[in-house]
Amino acid sequence: MTSFTSKLVIKNALNFFDWIIFGLVLILTISSVLYGSKILKKNTVKHSPIQSAIDHLLMGRGLTLPLFIGTLVATWYGGIFGVTKIAFERGIYNFVTQGVFWYLSYIIFALFLVKRIAKYEAITLPDMIEKMFGRKSAKLAAIFNLFNVLPIAYIISIGLFISSLTGWALTPSMISGLLIVLSYCLWGGLRSVVLSDLVQFFTMCFSVALVLLFSLTQFGGPQFLIEKLPATYFEPTGGQGWGLTLVWGFIALSTLVDPNFYQRCFAAKSPQVAKKGILISTVIWLCFDICTTFGAMYAKAVIPEAQSSTAYLTYAIQLLPHGLRGLFLAGILATILSTLDSYLFLAATTFSFDLSKDKTKLTAKKHSAAILCVASLALLMAFIFSGDIKSVWKTLGSLSAGCMLLPVLLGQVYPTRVSDKTFLYSSLCGAISMIIWRFIDKPQLLHNIDGLYIGMLSTTLIFFIFLRPKKDSTKT
């Protein structure tokens, strides 16, 4: 049996064959980006400015089912160091909070929202909100969205990856990783993002499956984990209590106002492609979460003294044979890159399109400049969050869910009764109340009430106060 250590120097555990496999995946990714850029240039010459913008931002609304599944799955799973850290520290609590709650949200989106949002023929989520409520609501939604899709957690993730591989400190590792991503994501539009996501999709799924398979083979099934891990690792709440656990359920509902989901649905060939794609993707995410959760739990059982943020990586490199080690590293990198480049692209779209005075003047150069701006802002905020991925998700996910979720969903239910003012006031009130709740001194009795609950309560109250009265259909 292999002797495992928590003090592994990863680069010393790789051989020439590992580096070849790792390099081939990078070459495939870069090649797909270049190919997407070539297609975009041809289409830009043929199309009008507005058609060129749609081709750049939505791939000309031509996303087929396989491409839809590949890009959605890959984009939505970039925080692998975050989820494996939670699983290493709390066990199946990770599967509940980062899995089950989210699957319910995906299914709700597919069954109840996809068809409704298709009728707006929007380009982005704020663009749809403008068509639903008004211009002021769209601008506020764009601001919330910008902070929601800033790839802060994924810059931290790429930093942790490079730091583990090289031994560098986190700060230079984050900067280096971001520069690598910027070197290829400034060109090609959504098409390049989607094609690179397809390469990364297969690599990341195969990699995490290998870790679980080799863990089961070497150490045995669940009985090994039951003997080695505390009982709380097999409790849904992980010893945290249902109050804190359910907060993640509400954060998961932020999927219903997540701009990445809307962008992929707007880019799909049809609502049927989007609906089927989300449901199939949910099954894939289920399998992926099983692999990462139990893989991290095996890491805890085998090297319990390892640093939780990188324990899964340290464990897997020692578990797998040479060759597969390089493939696994490429899979971890692919998981991070596929989300980081997608979030950079969408944040830049928010900055250059949704917050622009004239949306018809969007160009590839303007979008590329916006990518550089949002990348700098995200890097700055990664320093502010001190490398804590879980804190990033909880803070910004809570803001999005608390301020936008109910106004957007209820706007679908009451399409003629929600004004620009209703959305604006309710969302702003939710944001302000959450900020105040976070910083004020609270009595001990209220200390454990999360700000998300306060934000959603405030948003709901203001929403119904300003809701337009129902028209009397009997009047002529």
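Taken together, the values in this text are just the output of simple stated rules run on the coordinates, not laboratory data. What you see is a predicted model; the values in this text were computed from it and never measured. Note that each Cβ is placed from the backbone with ideal geometry, even for glycine, and that neighbours are counted across all protein chains shown.
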What ranking, highest mean first, results for peptides 147-157, 59-69, 308-318, 234-244 when packing means the other Cβ atoms within 10 Å averaged over each residue? 147-157, 308-318, 59-69, 234-244
Which whole-number percent gives the relative contact order of the stretch 320-476, counting Cα pairs below 8 Å spaced six or more residues apart? 21 percent
If you bin every alpha carbon distance in the stretch 40-177 into 10 Å steps from zero, what whole percent lands in each bin? 10, 23, 34, 24, 8, 0
Mind pulling the angle between the C-alpha long axis of helix 271-302 and the longest principal axis of the chain? Nearest 10 degrees, somewhere in 0 to 90. 30 degrees
Tell me the angle of helix 135-149 to the major Cα principal axis of the chain, expressed in degrees between 0 and 90 and rounded to the nearest ten. 0 degrees
Any chance you could give the angle, 0 to 90 degrees and rounded to 10, that helix 80-90 forms with the longest Cα principal axis of the chain? 70 degrees
Tell me, what is the Rg over Rh of the chain, with Rh the Kirkwood radius over Cα pairs? 0.98
Order by protection proxy (mean Cβ within 10 Å, highest first), peptides 81-87, 196-202, 405-411: 81-87, 196-202, 405-411
Compare the peptides 169-181, 438-450, 337-349, 97-109 by average per-residue count of other Cβ atoms within 10 angstrom and give them in order, highest first. 337-349, 97-109, 169-181, 438-450
List the residues whose amide H sits under 5 Å from the amide H of L63, counting only those 5 or more places along or on another chain, with H placed 1.01 Å from N in the peptide plane. A268, K269
Tail beyond 21 Å, pair distance distribution of the stretch 117-229 (Cα, percent): 65 percent
Mean Cα-pair separation over length for the stretch 10-387, i.e. relative contact order, pairs under 8 Å, 6 or more apart, %: 39 percent
